[in-house]
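K.L.:
Have a look at this one before I ask anything.
The values are calculated or read from the model by the stated rules, or taken from the named source; none is laboratory data. Being a predicted model, the structure only gives us computed values, none of them experimental. Quick reminder, even Gly has a Cβ in these numbers, built from the backbone with ideal geometry, and neighbours come from all protein chains shown.
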Amino acid sequence: MVKKTLPLLIFLLISSFVQAADYYETGLKDYREGRQEQAVLNFQKALEADPFNDGACLYLGVLYQNMGNVTKAESYYLKGRELNGLKYKDLTFNLANLYLNQKRFEEATPLYDSLILSPGVHRTHSLLNLANLSVQSAQYKQAVDLYLEYLLEDPETPQRPSIEQMIAQLQRTIDSREQARLAEEERKRQAEEAARQAELAEQERLAEEARQAELAEQQRLEEEARQKALLDSILNSLESSGQETKNFTADSEKVEETFEESDLDD
């Protein structure tokens, strides 16, 4: 029974592949002749007959992208890449371009980076697209390096004049930014130096105020000491020469009384 079933399975499998190939070729013809909707149907049938047909995924992604259905295009590119087949690099490049067109730079960059690791047409085109992406994301130095590398790989490209013009403009922008950066650094340095000098001047002013206050206090204390010494000196003089400090005695009272009586007799 197993021996009879195996040939049947092989026959069905071969028939499926043949059918898938027929749908694929028909889809290609429709695509080339501009029958997009019919091409979609044939490529979908080819994929149903052969789920590992990454070429059908590639063209379905292209067709849906051309028709403006970015979501479906992305899904077919991703599905095709998962198969890791012969069209893997084509699918990767197209998916990267889709992300680039949508300005999804963070998703496009690693795809291009993976394609420039090995020589070939995908590397060359990825260099150019990655350079364009770098311009759009304002990474101008990286863009210049990528454009120069691209020109080394494809020196006869018809886009060379435009690329050289772009490189020149980017270099002017880079130089201008560098000059502005240096000027800003110098401005900050001068501002920091001015602030430091102002702080030093303020510290000196406060120190001088403290010194003057200390000097004034010292002079005040010295003046008070002089005044006290003068007062003490005058007070000592009065106490040593005046009568107010003498003690009264019986004799002193008698003298006074005698003087008073004598004055009355006169």
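K.L.:
Does Phe43 satisfy the condition of being closer than 22 Å to Gln136 by Cα and either surrounded by 14 or more Cβ atoms within 10 Å (Cβ to Cβ) or in contact with a His (Cβ under 8 Å, 6 or more places away or on another chain) (or both)?
P.N.:
On the way: closer than 22 Å to Gln136 by Cα: no; either surrounded by 14 or more Cβ atoms within 10 Å (Cβ to Cβ) or in contact with a His (Cβ under 8 Å, 6 or more places away or on another chain) (or both): yes.
Taking the combined requirement at face value, the residue does not satisfy it.
K.L.:
Does segment 68-77 contain at least one residue that is outside any loop (DSSP other than H, G, I, E, B), buried (at least 20 other Cβ atoms within 10 Å of the Cβ), under 33 Å from the mean Cα position of the chain (by Cα) and modelled with pLDDT of 95 or more?
P.N.:
Going through segment 68-77, the residues outside any loop (DSSP other than H, G, I, E, B) turn out to be 70-77.
In the following step, the residues that additionally are buried (at least 20 other Cβ atoms within 10 Å of the Cβ) were identified as 73-74, 76-77.
If we keep only those that are under 33 Å from the mean Cα position of the chain (by Cα) as well, we get 74, 77.
Among the residues that remain, those that are also modelled with pLDDT of 95 or more are: 74, 77.
The answer is yes, given that some residue of segment 68-77 is outside any loop (DSSP other than H, G, I, E, B), buried (at least 20 other Cβ atoms within 10 Å of the Cβ), under 33 Å from the mean Cα position of the chain (by Cα) and modelled with pLDDT of 95 or more.
K.L.:
Looking at Gln179, Gln218, Gln190, which is the one that is polar (S, T, N, Q) and farther than 30 Å from Gln139 by Cα? Explain how you work it out, then say what you get.
P.N.:
Values: Gln179 fails: farther than 30 Å from Gln139 by Cα; Gln190 fails: farther than 30 Å from Gln139 by Cα.
Result of the check over Gln179, Gln218, Gln190: Gln218.
K.L.:
How many residues does segment 18-28 contain that are farther than 20 Å from Gln65 by Cβ and either in contact with a Cys (Cβ under 9 Å, 6 or more places away or on another chain) or not aromatic (Phe, Trp, Tyr) (or both)? Before you say what the answer is, go through the steps one by one.
P.N.:
As a first pass, look at segment 18-28 and keep what is farther than 20 Å from Gln65 by Cβ: 18-23, 25-26.
Narrowing the set further to residues that are either in contact with a Cys (Cβ under 9 Å, 6 or more places away or on another chain) or not aromatic (Phe, Trp, Tyr) (or both) leaves 18-22, 25-26.
Residues flagged as farther than 20 Å from Gln65 by Cβ and either in contact with a Cys (Cβ under 9 Å, 6 or more places away or on another chain) or not aromatic (Phe, Trp, Tyr) (or both) within segment 18-28 amount to 7.
K.L.:
For segment 86-126, which residues satisfy the criterion of being farther than 22 Å from Tyr64 by Cα and either under 25 Å from the mean Cα position of the chain (by Cα) or in a loop (DSSP other than H, G, I, E, B) (or both)?
P.N.:
Glu106, Thr109, Pro110, Asp113, Ile116, Leu117, Ser118, Pro119, Gly120
One line per residue, one yes/no per condition, for (1) at pLDDT below 95; (2) surrounded by fewer than 19 Cβ atoms within 10 Å (Cβ to Cβ); (3) more than 30 Å from Leu151 (Cβ to Cβ):
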position	(1), (2), (3)
Ala39	no, no, yes
Asp54	no, no, yes
Gly80	no, no, yes
Asn84	no, yes, yes
Glu107	no, yes, no
Leu115	no, no, no
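K.L.:
Could you identify the single residue in Gln219, Gln179 that is under 34 Å from the mean Cα position of the chain (by Cα), of a type in the set (S, T, N, Q) and either part of a helix (DSSP H, G or I) or surrounded by 10 or more Cβ atoms within 10 Å (Cβ to Cβ) (or both)? Don't jump to the end; show me each part of the working.
P.N.:
Working: Gln219 fails: under 34 Å from the mean Cα position of the chain (by Cα).
Sole residue among the options that is under 34 Å from the mean Cα position of the chain (by Cα), of a type in the set (S, T, N, Q) and either part of a helix (DSSP H, G or I) or surrounded by 10 or more Cβ atoms within 10 Å (Cβ to Cβ) (or both): Gln179.
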